[in-house]
1. Can you give the extra length, in nm with one decimal, that the chain gains between R150 and L191 once fully stretched, where that is 0.36 nm per residue apart less the Cα-Cα distance?
2. Would you mind telling me the share, in percent, of accessible area of the stretch 108-187 contributed by carbon and sulfur at probe 1.4 angstrom?
3. Residue by residue through the stretch 120-129, which ³J(HN,Hα) values in whole Hz follow from phi under the Karplus form 6.51 cos²θ - 1.76 cosθ + 1.60 (θ = phi - 60°), with glycine and proline marked x?
4. Arranged from highest to lowest average of other beta-carbon atoms within 10 Å per residue, in what order do the peptides 119-125, 167-173, 152-158 appear?
5. Given a Förster radius of 35 Å and the C-beta distance between N137 and D89 as r, what FRET efficiency does 1/(1 + (r/R0)^6) yield to the nearest 0.05?
6. Between S31 and R183, how many nm apart are label points set 7 Å from Cα along the C-beta direction?
7. Name the residues whose placed amide hydrogens come within less than 5 Å of the amide hydrogen of S201, ignoring near sequence neighbours (fewer than 5 apart) on the same chain.
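The values are calculated or read from the model by the stated rules, or taken from the named source; none is laboratory data. Here the structure is a predicted model, which is why all the values come from computation and not from measurement. Positions of Cβ are backbone-derived with ideal geometry, glycine not excepted, and every protein chain shown enters the neighbour counts. The accessibility values were calculated without ligands, DNA or RNA, using every heavy atom of the protein model including side chains. Shrake-Rupley method; radii C 1.70, N 1.55, O 1.52, S 1.80 Å.
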Amino acid sequence: MAPFTEGNNKGFTLLEVLLAVAIFAMISLASFSIFDGVLKSDAHSKLYSERLNQVQRAWLFIERDLLQLARRSMRIEGEAPLSGFIHNDVELLSSSDQSIAFVRQGWTNPGLLIPRSDLQSVAYRLNDNNLERLHFNFVDSVVGEPPKERVLIHGVTALSFEYYYSNDWQQELQEQQLPLAIRVNITSEELGELHRQFLVSGDVNSTQKANP
């Protein structure tokens, strides 16, 4: 057996080691960038899908409520009935943008097991960048009774409503007249501007232009 000599040492040189480390670091960095991109894309897709689901659910709530809008005034905090059937007073609902409130029919109460009517006071408002649906247990809320709040859409920056009267969309409500349709405009941080139009059992003369 030949004795061990310095010439028999066939290890890697320092340059080869540094080159291998550099190549490994580049491959690791590229892999991490791809992996991080996949994770971010997946998170964005899940958030987008979640927002879409929230919007679709909100449209269902709004459509169900508006289709059963009742010709009934509201009482807030035990005060006198408000004039008109639809209300959009921002201060009334503590909304950071436009809001809407009304009484709807068809609140399910099988066998009248719950001591309340089938009418329900509901409202939609923008609060802390959330679109919220509010309702009271009783159609005429009593003093000190807080509404039940349900967040429908997160990340909403603007909320507005338009009303179809006299063959045209208008920004203002006509107190003694129900519109034939209501347009809901929502601006979402992730989805941008969203619009939906909902039919309402409005007054027949709301389709006719006033004669001079």
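1. That pair, R150 and L191, stretches by 12.7 nm at full extension.
2. 54 percent
3. So the Karplus estimates, Gly and Pro as x, are 9, 7, 10, 8, 10, 8, 10, 9, 6, 6 Hz.
4. Final packing ranking: 119-125, 152-158, 167-173.
5. Efficiency for this residue pair is about 0.95.
6. 5.5 nm
7. For S201, whose amide H was placed from the backbone, the distant partners under 5 Å are L69.
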